[in-house]
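Take a look at the structure below.
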Protein chains: 2
Amino acid sequence: MSTIIQLESLKSELETELYDHVLPFWEKYSPDYENGGYFNCLDRDGKIYDSTKHIWLQARQVWMFSKLYGTVHANQKWFDIAKLGADFLIDHAKTDNHRVYFATNKEGQGKQIQRKIFSECFYVMALNEFGSISGQQRYITEAKQLLTHIWAWTKDLSKVGQLSYPGNTPSQSLAIPMILLNVFEEVGGRNWMEYESEIMECIGEIKEHVDHKQQLVYETVTPSGEKINSIEGRLLNPGHAIEAGWFLLRWAQKLGRTDLQELAFQMIDWSYTLGWDTREKGLFYFLDADGYSPTPLEWDMKLWWPHTEAMYAWMLRYEVSGQQADLERFQEVKEFAFTHFSDPAYGEWFGYLNRAGETTHRFKGGPYKGCFHVPRALYLCIQSLEKIGQKLV
Amino acid sequence: MSTIIQLESLKSELETELYDHVLPFWEKYSPDYENGGYFNCLDRDGKIYDSTKHIWLQARQVWMFSKLYGTVHANQKWFDIAKLGADFLIDHAKTDNHRVYFATNKEGQGKQIQRKIFSECFYVMALNEFGSISGQQRYITEAKQLLTHIWAWTKDLSKVGQLSYPGNTPSQSLAIPMILLNVFEEVGGRNWMEYESEIMECIGEIKEHVDHKQQLVYETVTPSGEKINSIEGRLLNPGHAIEAGWFLLRWAQKLGRTDLQELAFQMIDWSYTLGWDTREKGLFYFLDADGYSPTPLEWDMKLWWPHTEAMYAWMLRYEVSGQQADLERFQEVKEFAFTHFSDPAYGEWFGYLNRAGETTHRFKGGPYKGCFHVPRALYLCIQSLEKIGQKLV
């Protein structure tokens, strides 16, 4: 009984954070009712400090508000915000070659295209989800068509401009199968069998990044899953590996595959344990598998999103395992995150701390931080707590 | 007389650092006698942690050893090291389209090309200087031919792959005229009149980055020199502006232009004063002109190179002005640099500190740090001290 009370109290705390402190920030400051879409470069107090519209964040915000509208509460304000972004995406985000800009100006004119597929992935997730809540098939059709292009590009990244030179060691990146696994979960929904072979391929590729002997999850390995002895090959991104772990764990549940469940448990556990800074608490951004200094200058910083991903990863593990130890890990990372990132004064979370845990950047939204990781993790954890609660009653 | 003794002692300290602690590290650990060129990813103790050859650093090391051989001492070891790199560059660094790779593997096969002109600029400086010490015209011819291409590319950066989209605010970057001013000083030498119109154009462009009212040097402005109100437009890089200041100050001396001397003095003074962290000492990496949080995650870190550039900038100002205040600023930054970056245990300097001044990366050489800023600044400061000494006697 005390566990139930504890979990109820936790759920209530997460709900307050999500609905009273996080979402209002974006509802109030981000919508651009003049040009459509959202301002995503927002200072601590919501002030716009750059009017560029970063498409990763436009799309993720569409997804977030659509998801909340569709699964939590049919709040017209959420629908309207989602539509503002979805229509901006349809009207402005795509090039003539099915590519999606990384950024546009506030009017929607293209500013930058990355040699990556992630803008496209988030675009697909956004339109698919908005299509679902609006009941308008054209958004879903647009999403599914682009997903076909994305899948083809993953087989030949030169199609998105990633050139290969003779001196490059052939490699594959964790980010691609990982994000696609999430995209297929979203777009596939109940009809995921339509994408079964693609899903199995993504899972197979993710497995190649896991080194069971060393208990490590590599970002980059050879096409046959071997370690590459270079800066890139040894680079570890614990938050990313933890996120990949929960993406996989959701599929393990859906597929009823205990082998994948075990693998996902390990990815979360190993990456969290390795990434946790025992001196100052919090998760490091990058590590080197062999203990060299990681070359990214920001390697020892504590970013908001590895912590939100770890929160949900441990909560999902707890939902699946029922083990108290998983809940304790959730509490550990949630405590760190709420203490260090959450900003009760203005809402939303800060994004960046130095190793010692001091805030280094005061903005709430920037080129890579928007209305996504914080509300998604809170939303998913609340969902988990509901399911756990139902089991316990 | 006491000033003479003080400066003699300082010169001796810098010579010890350069010849006993910095150069031996590169002489011992970097040469790749098997494949040519240098290993530039070297751990604290000189161990190779990645065999990639980053061409900026290959070229800069050729330049450095050539310069020392040509102007300090005809040390055969230095000549041989310079030749090892110069021939690697000639044999491997260029593509069929006159582009220069950003990186090759250890055998010299291309790995990456940037959409920037800097690999090419350092390649030119390297071959020009090695041509000068070897007396072999072919290196100089190669350098001058590539410089012609570079100059043409600066007029149309799409030629190196920098695409422009309708949403981009037209802009110009400080880095291009600044580095070219240095390249023209090197390649022009006594016959710089050959490049007079290009030099004047670069100086004119640099002037457009200086805001006298706000006492700021912007990295990016519109083509007519106006501030751009965006993340990029407000970004300040104090170390870079200080370096641009001393590049300009050398031209001011050469051209006998007191107006440019005054401008260079201001660029150094304003950028140093703004960039200096009064709480923790040292120079910030990035700032925002309007006081927003700079978006680069590493903005508050202390990197070795802004400090080496500031050392020489203040020394050169002192050489020109004779003002004790300039020498005091030199002492301030030199004291910080020697205390925090220099590694007496293994030689060379660490490259990266957090805001509080703690070493965050233990390697001595990496993708952007090689045998260049530390020895160049020490070498130039020693040269300055010799000139000052001659005036004082």
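The values are calculated or read from the model by the stated rules, or taken from the named source; none is laboratory data. Every value quoted in this text rests on a predicted model; they were computed, and no experiment measured them. We place every Cβ from the backbone using ideal geometry, glycine too, and count neighbours over all the protein chains shown. The accessibility values were calculated without ligands, DNA or RNA, using every heavy atom of the protein model including side chains. Shrake-Rupley method; radii C 1.70, N 1.55, O 1.52, S 1.80 Å.
Placing +1 on the Cβ of every Lys and Arg and -1 on the Cβ of every Asp and Glu, with nothing else charged, gives segment A:1-154 a dipole about its Cα centre of roughly 540 debye.
Selection among A:PRO367, A:GLN58, A:ASN354 by position relative to the dipole of chain A gives A:GLN58 as farthest towards the positive end (Cβ unit charges, Cα centre). In the assembly of identical copies, A:GLY204 has its label point, taken 7 Å from Cα in the direction of the beta carbon, separated from the corresponding points by 6.1 nm (ascending, one decimal).
Where a ≥ b ≥ c are the square roots of the eigenvalues of the C-alpha gyration tensor, would you call segment B:169-362 rounded, which needs a/c under 1.5, or, failing that, prolate if a/b is larger than b/c, or oblate? The shape class here is oblate. For A:LYS254, the lysines whose Cα falls under 16 Å of its own Cα, not counting residues fewer than eight places away in the same chain, are A:LYS387.
Too long at a 18 Å Cα-Cα cut-off: which of A:LYS28/A:LYS83; A:LYS94/B:LYS159; A:LYS302/A:LYS369; A:LYS94/B:LYS116? Going by Cα-Cα distance, A:LYS94/B:LYS159; A:LYS94/B:LYS116 fall outside the 18 Å limit.
Counting only residues at least eight positions apart within a chain, or on another chain, the aspartates and glutamates with an alpha carbon under 16 Å from that of A:LYS47 are A:GLU27, A:ASP32, A:ASP343, A:GLU348, B:ASP288, B:ASP290.
Solvent-accessible area of chain A (1.4 angstrom probe, protein heavy atoms only): carbon and sulfur portion equals 47 percent.
Would segment B:284-393 count as rounded, prolate or oblate if I go by the C-alpha gyration tensor, calling it rounded below 1.5 in a/c and otherwise prolate when a/b exceeds b/c, oblate otherwise?
On the way: a/c = 2.41, a/b = 1.45, b/c = 1.67.
In terms of gyration-tensor shape, oblate.
A straight line joining the Cα centroids of segment B:258-320 and segment A:105-172 runs 41 Å. Highest GNM mean-square fluctuation among B:ASN75, B:ASN40, B:ASN168, for chain B modelled with Cα contacts below 10 Å: B:ASN168. Each helix, a run of at least 4 DSSP H residues, gives -39500 (n - 2.57); summed and divided by the residues of the protein assembly as shown, these come to -17000 deg cm²/dmol at 222 nm. Dividing the mean sequence gap of close Cα pairs (under 8 Å, 6+ apart) by how many residues chain A holds gives a relative contact order of 18 percent. Of all the options A:LYS281, A:LYS364, A:LYS155, the one that moves most in a Gaussian network model of chain A with Cα springs shorter than 10 angstrom is A:LYS155.
Relative to the Cα centre, the charge distribution of segment B:239-307, modelled as +1 at Lys and Arg Cβ and -1 at Asp and Glu Cβ, gives a dipole magnitude of about 340 debye. Each copy carries a label point for B:GLU226 at 7 Å from Cα along the beta-carbon vector; from one copy to the others these points are 5.7 nm apart, nearest first. Loop-located trypsin sites (Lys or Arg not before Pro) in segment A:191-262 (DSSP state not H, G, I, E or B) with no more than 11 neighbouring Cβ atoms inside 10 Å: A:LYS213. Put a plus charge on the Cβ of each Lys and Arg, a minus charge on the Cβ of each Asp and Glu, and nothing anywhere else: the dipole of segment A:169-362 about its Cα centre is then about 280 debye. With a ≥ b ≥ c taken as the square roots of the eigenvalues of the C-alpha gyration tensor of chain B, please select rounded if a/c is under 1.5 and otherwise prolate if a/b is larger than b/c or oblate if it is not? Note, shape of chain B comes out rounded. Toward the positive end of the charge dipole of segment A:169-362, with +1 on the Cβ of Lys and Arg and -1 on the Cβ of Asp and Glu, the farthest Cα among A:ASN191, A:VAL221, A:ALA345 is that of A:ALA345. Structure remark: mean-square fluctuation, Gaussian network model of chain B, C-alpha springs under 10 Å; the largest value among B:ALA310, B:ALA252, B:ALA126 belongs to B:ALA252.
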